[in-house]
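Below you'll find the structure, written out as structure tokens, and then a few comments.
The values are calculated or read from the model by the stated rules, or taken from the named source; none is laboratory data. What you see is a predicted model; the values in this text were computed from it and never measured. Methodologically, a virtual Cβ is constructed for each residue, glycine included, from the backbone with ideal geometry; neighbour enumeration extends over all protein chains shown. These area figures cover heavy atoms from the full protein model, side chains too; ligands, DNA and RNA do not enter into them. Shrake-Rupley method; radii C 1.70, N 1.55, O 1.52, S 1.80 Å.
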Amino acid sequence: MKFCFQDSLKNKFIKLQTQVEKEIAPIIDRINHISQSNHRKVLKAFQDVRVSDYHFYGSTGYGYNDLGRDTLEELYANVFGAEDALVRNQITCGTHAIYTALFSVLRPGDEILFVTGKPYDTLQRFLEPFFPGSLAEWGIRSNVLDLTSGEYPDFDALANALTPKTRMVGIQRSCGYQRRPAVNIQTIGALIRAIKSYNENIICFVDNCYGEFVEEKEPPEVGADLTAGSLIKNPGGGLADGGGYLVGKSQLIKSAARYLTAPGLGKGVGSTPGGHRLIYQGLFMAPLIVAEALKGAVFAARYMQHLGFKVSPEYDAHRADLVQRIEIGSSKGILAFCKGIQNGSPVDAHFRPEPSKLPGYNDELVMAAGTFVQGSSIELSADAPLCPPYDVFLQGGLSQEYVKLALLKAVEMLYQEHLLPKFPASSKDYEQGGGA
Ligand SMILES: *Cc1c(COP(=O)(O)O)cnc(C)c1O
């Protein structure tokens, strides 16, 4: 890659990379450990459900007797520790998978409580009282239980927030575009136990977007009744062309399938003319790709911290999702950073990302993503709402090396705009331990 830095400064940036790689080595080991456990789990599931190459071919029309599809769903259920799964290209995205989960369960008069604060931006329309198709239009009440000031689920307020009409509780694993930590799998388990002790019939739903394979367990393994996510995030392994999944209790998956198709049809229809191979292969690759993305995020956290930016999570913190927040602090900085990530991508590197309104989001958003699959955020992407506090959300990356290269490009753009709070210290300072 071509640098615009003067040679002496360029050397400092390169030395900083070596320094950071040393500092993060123990964290990389930790990621490898989790990744190995997930590799083992996925491999065993492929063997358990006896995947064969004829499962990769698709079907047309109604998709009756699509053995590849049915086996794929058995495979997902096995990997996630759930009774059953719905894995479909007819589920258009993560939002649609979540919508299917909610609306297949909730009926007029029911209540849903979101216990991890305001849900993700694209779900806001479901909650708006007057938006066509919203929960309210169907006579379903929704409430949000805010996180505590430390941004953790508010266990003390939980019992008061649940009511006899609460039919479903929503838990979001990832932080979304918020300044809060992701909810780790242990906390998800504790939340579910607390909810079930109030009323065991409440259906616990988890929005698992960006959370898959980051830890060693998945929500169904800690008691979630229904879990949903996107195939162009973690579980698609960067290969799946699109689609969404639900995993959970078999009765709930049956009703989700009835809702997605029609009563009387359910899971039995839905064709995939292009075949299933990329979804199978993507799931197989997912533990590796997620680990690469996490390693890239850990590198970015430490590197940017050395340059004077606040980051969250910190490089050595426990991670429960892929998202790395970097406090860039200005709209000019966001544009420069995102331009660098775009320029450092394999596809559309010659484009400059511009802020725009996207369906489902309130603020103008800048999105840098030079991806093979449109909008795929398991591939490297950087998004930022163009409003205070001007944080950038960096996630994904098919290899940690690509993340590093793109990040250095973004740093170069910030440097050009005089927006780096600090320059790399000289290597002598590091040797004396003064580089942090
Ligand atoms: C991405 C995401 C969604 C929505 O998924 P889309 O595929 O973009 O519709 C929902 N929740 C969280 C936490 C997400 O990260």
Open item on the list: Longer than 28 Å from Cα to Cα, which of LYS217/LYS422; LYS41/LYS357; LYS22/LYS118; LYS41/LYS233 are they? Say none if no pair is.
Closed with: LYS217/LYS422; LYS41/LYS357; LYS22/LYS118
TODO: Compare the peptides 280-290, 387-397 by average per-residue count of other Cβ atoms within 10 angstrom and give them in order, highest first.
DONE: 280-290, 387-397
Task: Point-to-point label distance, SER52-CYS387, nm (Cα→Cβ direction, 7 Å offset) - done: 5.5
Task: Length-normalised contact order of segment 143-300 in % [C-alpha pairs under 8 Å, at least 6 apart] - done: 17
TODO: Would you mind checking LYS332/LYS404; LYS10/LYS404; LYS44/LYS254; LYS15/LYS339; LYS12/LYS404; LYS339/LYS404 for any pair whose Cα atoms are more than 19 angstrom apart?
DONE: LYS332/LYS404; LYS44/LYS254; LYS15/LYS339
Task: DSSP-defined beta bridges in the chain - what % are antiparallel, rounded to 5 - done: 60
- [ ] Compute the Cα gyration tensor for segment 1-100, then decide on rounded, prolate or oblate, letting a ≥ b ≥ c be the square roots of its eigenvalues: rounded whenever a/c is under 1.5, prolate when a/b is larger than b/c in the other cases, and oblate in all that remain.
- [x] prolate
TODO: Can you give me the three principal axis dimensions of segment 48-192 from its C-alpha atoms, in Å, biggest first?
DONE: 52, 35, 30
- [ ] Please say if segment 212-261 is rounded, prolate or oblate, where rounded means a/c under 1.5 for a ≥ b ≥ c the square roots of the C-alpha gyration tensor eigenvalues, and otherwise the choice is prolate for a/b larger than b/c and oblate otherwise?
- [x] oblate
- [ ] Any chance you could tell me what percent of the C-alpha pair distances in segment 185-241 go past 19 Å?
- [x] 32
Open item on the list: Given an 8 Å cut-off on Cα distances and at least 6 residues of separation, report the relative contact order of the chain as a percent.
Closed with: 18
Open item on the list: Could you order the peptides 77-85, 132-140 from most to least packed, using the average number of other C-beta atoms within 10 Å per residue?
Closed with: 77-85, 132-140
Open item on the list: Taking 2.2 N^0.38 Å as the expected size of a compact globular protein, what ratio does the Cα radius of gyration of segment 294-350 give against it, to two decimals?
Closed with: 1.19
Task: Overall form of segment 164-310 per C-alpha gyration tensor (a/c, 1.5; a/b vs b/c) - done: oblate
Task: Accessible area in square angstrom per residue, the chain, 1.4 angstrom probe - done: 43
TODO: Would you kindly calculate the translational diffusion coefficient of the chain, applying Stokes-Einstein with the Kirkwood radius from alpha carbon pairs, for 37 °C and a viscosity of 0.692 mPa s, and quote it in µm² s⁻¹ without decimals?
DONE: 146
Task: Exposed trypsin sites (Lys or Arg not before Pro) absent: longest stretch of the chain, with sites in DSSP loops and at most 12 other Cβ within 10 Å deemed exposed - done: 180-356
Task: Top of GLN178, GLN251, GLN305 by mean-square fluctuation, Gaussian network on the chain, Cα under 10 Å - done: GLN251
